[in-house]
Every structure is written in structure tokens, then in C-alpha cells.
Amino acid sequence: MDNIIGKLRNLDAYPKVNEDFYSRTLSGGVITLASSIVMVLLFISELRLYLHAVTETKLVVDTSRGETLRINFDVTFPALPCSLLSLDAMDISGEQHLDVKHDIIKKRLDSHGNAIEARPDGIGAPKIENPLQRHGGRLEHNETYCGSCYGGESADDDCCNSCEEVREAYRKKGWALSNPDLIDQCKREGFLQRIKDEDGEGCNIYGSLEVNKVAGNFHFAPGKSFQQSNVHVHDLLAFQKDSFNISHKINRLTYGEYFPGVVNPLDSVQWRQDTPSATYQYFIKVVPTVYKDVSGNTIQSNQFSVTEHVKTAEVGRLQSLPAVFFFYDLSPIKVTFTEEHVSFLHFLTNVCAIVGGVFTVSGILDSFVYHGQKVIKKKMELGKFS
């Protein structure tokens with residue numbers, strides 16, 4: 001038994017030095033104090049990393065198919081009334097959403113940016129005061145009102161009972177409504193007068209769009225849109241104006257849900273129009289993104305980058321549509337963010353490395369200082385130190 005204990009004693013890698021041979025110095029105390037402080041600070045830093053989740057980033061090819069893209073927006077036009085403003089969306093697959101109204105809210109603003117009133121989209125409200133019937137006569141008390149669509153009927157029994165319905169019928173036909181005063185419904189509802197009354201107002205439009213996950217665009221522009229000879233055009237003649245101010249501020253624009261750390265580069269961006277007419281274009285590259293938190297919850301969203309371009313035109317020469325376009329394209333690469341905690345073994349390894357590393361370096365530094373002091377002291381005693 002004593003033989004085994006003796007062999008174990010010979011394996012001791014940490015031979016002990018008798019305290020009678022210890023030499024305590026001031027420099028050693030300073031180095032010990034400094035190294036202890038460094039050790040504590042590094043330990044606290046490592047403990048914080050261990051307690052908080054770290055995010056791992058990975059790039060993969062996006063193989064998803066048949067999904068949709070949700071676009072959330074909040075845009076303010078300080079010089080374009082809500083009655084003129086419309087929203088269209090289209091993509092390269094040929095799908096179009098013209099004059100979008102569902103999930104969209106428009107808020108009228110005065111010249112100072114204060115809200116005036118919230119009302120349903122459309123100009124004016126129907127007034128059935130002896131209106132003109134489709135067959136040409138005036139509405140009698142015992143008749144049901146059925147207004148003419150002025151050639152825009154899709155079927156013989158179609159009725160247009162408001163100015164908005166006539167404009168919609170013309171839009172579906174691909175026609176422009178050049179003179180609203182010739183339309184009984186528009187004249188009764190005060191279409192042009194309402195536009196004049198709202199001159200100088202602004203509009204805050206916000207909501208969301210659900211579009212195919214392919215390249216496309218959505219844009220804000222005055223007037224109703226329609227297809228004419230396979231060309232997308234807007235009916236601006238009805239407003240009898242030479243120029244439109246599309247100055248705007250993007251309060252918020254996101255492609256998908258919010259997730260921690262996302263940066264939306266167009267939030268709070270604004271542009272002021274200094275020319276009579278202009279077209280403002282944003283070219284957006286959308287990057288599909290998946291965020292997984294430590295609890296295992298997954299958020300399917302997107303990030304995006306953007307470049308801008310503006311085209312101007314002289315007064316009376318609307319060479320391009322006065323509008324704000326958002327052209328978007330999808331990146332083939334998907335970014336995956338995964339939150340995860342550092343393992344305890346990894347934390348323990350780092351703590352041991354901190355303690356051992358600081359202890360070793362401080363020992364080397366203490367030895368260098370101690371022997372340096374001895375050499376200097378010896379030379380001073382011999383009178384050779386100068």
C-alpha cells in the first residue's frame with residue numbers, strides 16, 4: 001500500500017515549495033491584483049455571453065414555391081387628396097389588382113398634416129334626387145332607380161347608380177372619363193366641385209397587399225387605372241389638372257412580419273417634388289428570411305435593399321405617369337437566423353482558458369519583473385549601473 005502511495009506521489013505534477021522559500025514582492029502584489037481584476041472582467045463577459053442567446057446566420061438557396069408575399073405600407077402624400085389617389089399592383093405573371101380598396105384605409109389630411117375625417121373610399125356620396133334613369137326619363141316615386149352607364153354596360157340590365165360606378169364601368173372597358181359634367185351621376189354628386197374643395201389637402205394611405213411571390217410592382221397614382229391596347233394607363237383627364245404633386249413620406253414599408261434585428265431602409269424616408277410633374281421609382285431587392293428564436297418559434301419574413309430614381313417632366317407635358325412606383329424582385333438566396341444558447345461545456349472550457357491564460361501570462365510577467373529587479377539591484381551594489 002505504501003508503495004502505491006509513493007508511486008502516486010511521484011506522479012504529482014504540482015510539486016509544493018516550502019513556505020520558507022517564498023519571496024513576496026510589491027511588484028508581485030500589483031501584478032496579482034491586476035490579473036485578478038482582468039480575470040473577473042473576462043469571467044463576467046463570458047457569463048453574459050452564456051446567459052444570452054447568440055444568433056447564427058446561414059445562407060441557403062430558396063426552394064419555396066407557390067407562396068405569397070405580404071406587403072405592409074403606410075405612406076403620406078401631403079399635397080395629393082385622397083379622392084384622387086389610387087393603388088395598383090401587378091406582377092410578371094400577368095396578375096393585376098387595379099384600384100385596390102380592400103385592406104386599405106385612407107385618411108384625409110389638411111395642409112398642416114392633421115387628420116380631417118375618415119370616410120369610405122370614393123368621391124362624393126350618391127344623391128338620388130330625381131336622377132336620370134337608364135331609359136332616359138327622370139326617376140318617379142314608384143320606380144326603382146337604375147342609372148345609365150353611358151355605354152359602359154357589360155350587360156343590357158347593368159345599372160350605374162353613382163359616379164363611382166360609372167367610372168368603374170369605364171375602367172373595365174378601358175375608357176377614360178374625359179368630362180364628368182356630361183355624366184348625370186357625377187354632376188349630381190358634385191364630382192368636380194368635390195375635387196376643387198379638396199384642393200390643397202393631403203392623404204395618408206396605409207394597409208397591406210397580398211401578392212404572388214414573384215417580381216412585380218405596386219404604385220400610388222392619381223386617377224383610375226385601366227388597360228388600353230395592353231398598356232397600363234390612368235384616367236387623369238377627369239380631374240382637369242395640368243400637374244400633380246407626388247411629394248411623399250414613407251412612414252413604414254415592410255415585406256412580411258417584424259422580427260428582432262430587422263432594418264427597413266425606407267422607414268421615415270421622404271421626398272419633396274420641386275418640379276410640376278415627376279415619377280418617383282424605388283427598386284427593391286427582397287431577400288427571404290427565416291428567424292428561429294430559442295423557444296423554437298419560426299417567423300417567415302423578408303429583408304430588402306433599395307435604390308431610387310426620379311423622372312421629371314415639364315408642366316403640361318405628362319411624358320410619364322405622375323406616381324410613386326415600388327418595383328420589387330426576389331433574391332434566390334434565403335437567409336436563416338437561428339437563436340441558440342452556448343452549451344455549458346463550452347462556457348466551462350472558456351472559463352478555464354481565461355483563468356489558466358491570465359494566470360500563466362501574469363506569472364511570466366512577474367518572473368520577468370522580479371529577475372529584472374534583481375539584476376538591476378546587483379549592478380547597483382557593484383557600482384556598474386548608470
Ranked from the most accessible area to the least, with a 1.4 Å probe and all protein chains present, what is the order of Lys107, Lys58? Lys58, Lys107
Starting from the amide H of Asn161, placed 1.01 Å from N in the peptide plane, find each other amide H under 5 Å away whose residue is 5 or more places distant or on another chain. Gly147
Roughly how much of Met90 is accessible, in Å² to the nearest 10, using a 1.4 Å probe? 30 Å²
So what's the net charge close to Phe347: Lys and Arg +1, Asp and Glu -1, counting the other residues with Cβ under 15 Å from its Cβ? -1
Ignoring ligands, DNA and RNA, how do His52, His346 rank by accessible area with a 1.4 Å probe, largest first? His52, His346
How much length is gained if the chain between Leu348 and Gln96 is pulled fully straight, taking 0.36 nm per residue apart and subtracting their Cα-Cα distance, in nm to one decimal? 84.8 nm
Which ³J(HN,Hα) values, rounded to whole Hz and listed in residue order, are derived for region 265-275 from phi using the Karplus coefficients 6.51, -1.76 and 1.60 in 6.51 cos²θ - 1.76 cosθ + 1.60 with θ = phi - 60°, glycine and proline given as x? x, 9, 4, 6, 7, 9, 9, 10, 7, 9, 10
Quote the accessible area belonging to Ser154 in square angstrom, nearest 10, computed with a 1.4 Å probe and with ligands, DNA and RNA left uncounted. 100 Å²
Ala215/Ala115 FRET efficiency (R0 30 Å; Cβ-Cβ; nearest 0.05): 0.25
By accessible area with a 1.4 Å probe, ligands and nucleic acids excluded, highest first: order of Cys159, Cys149: Cys159, Cys149
In whole Hz, what ³J(HN,Hα) sequence does region 298-308 give by Karplus (6.51, -1.76, 1.60; θ = phi - 60°), x for Gly and Pro? 10, 10, 8, 9, 8, 10, 7, 10, 8, 10, 10
Using θ = phi - 60° and the Karplus form 6.51 cos²θ - 1.76 cosθ + 1.60, what ³J(HN,Hα) does each residue of region 43-56 get, whole Hz, x for Gly and Pro? 5, 4, 4, 5, 5, 5, 4, 6, 6, 9, 6, 9, 9, 9
Which of the lysines could be linked to Lys334 by a straight reach, that is with a Cα gap under 20 Å, when you skip same-chain ones fewer than 8 residues away? Lys58, Lys213, Lys285, Lys292
State the percentage of accessible surface on region 240-373 attributable to carbon and sulfur atoms; use a 1.4 Å probe and exclude ligands, DNA and RNA. 57 percent
Sequence-distant residues sharing a close amide H with Asn251 (under 5 Å, placed H): Asp74, Val75, Thr76, Ser268
Enter the accessible area of Asp74 (Å², nearest 10), with the probe set to 1.4 Å and all protein chains included. 40 Å²
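The values are calculated or read from the model by the stated rules, or taken from the named source; none is laboratory data. Given the structure is predicted, the values throughout are model-derived calculations rather than measurements. Neighbour counts run over all protein chains shown; Cβ positions are idealised from the backbone, glycine included. Just the protein is used for accessible areas: all its heavy atoms, side chains included, with ligands, DNA and RNA removed. Shrake-Rupley method; radii C 1.70, N 1.55, O 1.52, S 1.80 Å.
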